[in-house]
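Here the structure is laid out as structure tokens; the discussion comes afterwards.
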């Protein structure tokens, strides 16, 4: 049984390595052309950069939103778990988790991470 699992594991690792190697070899461009790498503007050289500057502030707000979104997803099962757990231990763990979240929110607010404009 262990021998079959070992052989299967080695086969999966080998096939994964081969697929990654083939993808790496086939995905590389062999000819780097300046015109093909530049943005298309009717055959003329571009007048300015095609990339617009990205707001680092917006990125920070988006990351904070994702963090709070994950925290909400972790808070939702707390209500369901209450049915099967001891009330005192559930209360202590829930209060501790909420305290950690509130301390994180206070820290972000104190550091000015939640302010959009200065």
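The values are calculated or read from the model by the stated rules, or taken from the named source; none is laboratory data. Small disclaimer: the values here were computed from a predicted structure and weren't measured. Using ideal geometry, Cβ is built from the backbone for each residue, glycine included, and neighbour counts are taken over all protein chains shown.
Some notes on this structure:
- Unique match (being within 30 Å of residue 116 (Cα to Cα) and modelled with pLDDT under 80) among 38, 49: 49
- Residues of the stretch 53-85 classified as within 20 Å of the chain's Cα centre (by Cα) and not in a helix (DSSP H, G or I), total: 2
- Considering (1) modelled with pLDDT of 85 or more; (2) out of contact with any helix residue (DSSP H, G or I) (no Cβ under 8 Å at 6 or more places or on another chain), the lone condition that residue 55 does not fulfil carries the number (1).
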